[in-house]
1. Could you state how much accessible area D63 has, in square angstrom rounded to the nearest 10, with a 1.4 Å probe and all protein chains kept in place?
2. How much length is gained if the chain between Y19 and S43 is pulled fully straight, taking 0.36 nm per residue apart and subtracting their Cα-Cα distance, in nm to one decimal?
3. Could you sort T58, T69 by their accessible area in this structure, using a 1.4 Å probe and putting the largest first?
4. Work out how much length E35 to K74 would gain on full extension: take 0.36 nm times their residue separation and subtract the Cα-Cα distance, in nm to one decimal.
5. Which of the residue pairs K26/K74; K38/K78; K38/K76 have a Cα-Cα distance greater than 21 Å in the structure shown?
Amino acid sequence: MSSLNLPSHLQDKIFEIRYESNLVSKIVSYFPFSEFEKQEIVSILGDDILDAFSSIFTDSITDDEWHRTKDQIKKKFKDELFDIDNI
């Protein structure tokens, strides 16, 4: 994520960026990006993206909800992801 030159308000919502042949093949966000956010990313990356967006959660949330709960969401997701190895 740090190698891309995306604004922090977008980087903050990204869980993972996958590459294929040095191009961004998939951007996985915590929650679905809005169409405006997708357009912003595509305009910044230009031809360096293969238009493949996905998200971990399917619910749409507002920016206010995201800012209010993002730390809890990230922590809970990270904790649960690591707990999978212990099962």
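1. The value for D63 is about 80 Å².
2. That works out to 6.9 nm of additional length.
3. On the way: T58 120, T69 40 Å².
The most accessible residue leads, giving T58, T69.
4. Details: separation 39, 0.36 × 39 = 14.04 nm, distance 2.26 nm.
Once the chain is fully extended between E35 and K74, it gains 11.8 nm.
5. Numbers: K26/K74 19 Å; K38/K78 24 Å; K38/K76 25 Å.
The pairs that break the limit, which is 21 Å between Cα atoms, are K38/K78; K38/K76.
The values are calculated or read from the model by the stated rules, or taken from the named source; none is laboratory data. Since the structure is predicted, the reported quantities are computational estimates derived from the model, not experimental observations. Quick note on the areas: whole protein, heavy atoms, side chains included, nothing else; ligands and nucleic acids left out. Shrake-Rupley method; radii C 1.70, N 1.55, O 1.52, S 1.80 Å.
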